[in-house]
Every structure is written in C-alpha cells, then in structure tokens.
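A.B. asks: One structure, pasted below without further comment.
The values are calculated or read from the model by the stated rules, or taken from the named source; none is laboratory data. It should be emphasised that the depicted structure is a prediction, and the values quoted were computed from it without experimental measurement. Glycine also receives a Cβ, built like all others from the backbone with ideal geometry; neighbour counts cover every protein chain displayed. Remember, those area values only see protein heavy atoms, side chains included, never the ligands or the DNA or RNA. Shrake-Rupley method; radii C 1.70, N 1.55, O 1.52, S 1.80 Å.
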Amino acid sequence: AMLRLLGCPPLLLTARGDVVTARIVVSCWPSADAEPPAAAGAGAAAGVAPPATLRNVLVVDDEEFVRAVTVCALEAESPGCEVVTAENGEQGIAVYLERRHEEPPQFDLILMDIQMPVLTGDLAVKQLRTLERQHGWPQTCILARSANTADADQDYYRRCGMDGCIPKCGNVAKQVLDALLIKRQRPDAFVRADRLPDHSR
C-alpha cells in the first residue's frame, strides 16, 4: 500500500540467500533520455565513466523499505535495469564479488548507505577500492546515499573512495541520473549532494 502511495508499480521479489532481487511487473513507464557515453579513456583516475544506460545496480541499505522503494524508482526510470540489494556492507561486498564471476562482470553503479550494522558503508567502500586495486579491476561508480550531507561528511565520503553523494530524501532515480550525468561529463569530479537539482517535490 505504501509503495502505491509513492507511485511505484508492483514488484516481484525473489530471494537467494540474504540477497533479494526485485523486478517491476509492468514495463510501461517512460524512460529518461539517454546521454551519449563519455569518450574512451577519459578520467583514468576515476576508473570508467558510468554508462548512459543503467543495466546493473547494487543498492546497499539496512532498511528494507528504503531498498524496496529504491528498486522501484530505479527500475521504473531505467527499464531493463536489474537492481540487486544487500542489507549491510558485508553482504554488499559478497554480492559484488559474486558478480565478478558473472556476465556482465561488474555493476554500473553501487548506491551505498553509510550507517549500517555489521559493516558500515564507508568501511565497505574502502574494502571494495582495495579489491579493485589488488586485482586491477575497473573502478565501479559508488555513490553514498545518506542523510548526513554536510561538507565535512561529503569530504569524508570522497576520501573513502566514493564518487559522490546523494541525499536520502527526494526522488532517488532522478538524483542518480543527475549524478551520473555529471560523472560522464567530468569523470574525476566528486558529485556533491548540495549541487544536484532539488527533486524533493
């Protein structure tokens, strides 16, 4: 009932161990206009610029309701996108490593909550960046999703290795698309939550 109030279409949830995958039952929602991909080789320090169309997204958040709404919004805004979820940083790392053995081998985007039990988002990102460096894997775009978006908080997320930050309130799908547009245009930039358009209404 709450998802209907938020304007989300019906969800089909499937579970595999501790990982829940949600799919939208209908496919009639309009898609956002795709931007052209960034030029090859741009922004080596920031890894690979995110693609114009999201195909695989990992959402890590300890609140089940937040995960469900995020899945709903992302798959509605980007039809054909598969959104996988995990409920803490430890599970998020496990899902990330499992995906390395599948096709495609990596996520286009990871949305990372910060304050979570077992393993917090900041520590999980540090471990993910270490794994990427050790194995020579392309750097995955990781956005913090947090209610704590003060300058000091965002500076800390950047030092942890994140590519940007979006707020917990507002339309998450539109926030993600805005953030990825910035990353495609400036792969080395840290996307700051206070620089994104206001999608709270």
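A.B. asks: Can you find, within region 61-72, the residue that is nearest to residue 157 (Cα to Cα) among those that are open to solvent by 20 Å² or more (accessible area, probe 1.4 Å) and of a type in the set (Asp, Glu)?
C.D. replies: So, considering only residues that are open to solvent by 20 Å² or more (accessible area, probe 1.4 Å) and of a type in the set (Asp, Glu), the one nearest to residue 157 (Cα to Cα) is 62.
A.B. asks: I'm checking my understanding of the structure. Among residues of region 172-201 that are touching a strand residue (DSSP E or B) at 6+ places or on another chain (Cβ under 6 Å) and of a type in the set (Gly, Ala, Ser), which one is surrounded by the fewest Cβ atoms within 10 Å (Cβ to Cβ)?
C.D. replies: So, considering only residues that are touching a strand residue (DSSP E or B) at 6+ places or on another chain (Cβ under 6 Å) and of a type in the set (Gly, Ala, Ser), the one surrounded by the fewest Cβ atoms within 10 Å (Cβ to Cβ) is 193.
A.B. asks: How about region 73-94: which of its residues are of a type in the set (A, V, I, L, M) and either open to solvent by 30 Å² or more (accessible area, probe 1.4 Å) or under 12 Å from residue 58 (Cβ atoms) (or both)?
C.D. replies: 74, 83, 84, 86, 93, 94
A.B. asks: Filter region 95-112 for residues that are out of contact with any strand residue (DSSP E or B) (no Cβ under 6 Å at 6 or more places or on another chain) and buried (at least 17 other Cβ atoms within 10 Å of the Cβ); which is modelled with the lowest pLDDT?
C.D. replies: Looking at the filtered set, the residue picked out is 106.
A.B. asks: Every residue in region 113-140 that is buried (at least 19 other Cβ atoms within 10 Å of the Cβ) and at pLDDT below 95, please.
C.D. replies: Residues satisfying the conditions are 139, 140.
A.B. asks: Moving to a separate point now. Looking only at residues that are assigned to a strand (DSSP E or B) and of a type outside the set (A, V, I, L, M, F, W, C) in region 74-88, which one is farthest from residue 170 (Cα to Cα)?
C.D. replies: 82
A.B. asks: Would you please name the residue that is modelled with the highest pLDDT, looking only at residues in region 64-94 that are among the acidic types (Asp, Glu) and more than 18 Å from residue 123 (Cα to Cα)?
C.D. replies: Filtering region 64-94 for residues that are among the acidic types (Asp, Glu) and more than 18 Å from residue 123 (Cα to Cα), the one modelled with the highest pLDDT comes out as 64.
A.B. asks: Residue 183: closer than 17 Å to residue 108 by Cβ and not polar (S, T, N, Q), yes or no?
C.D. replies: yes
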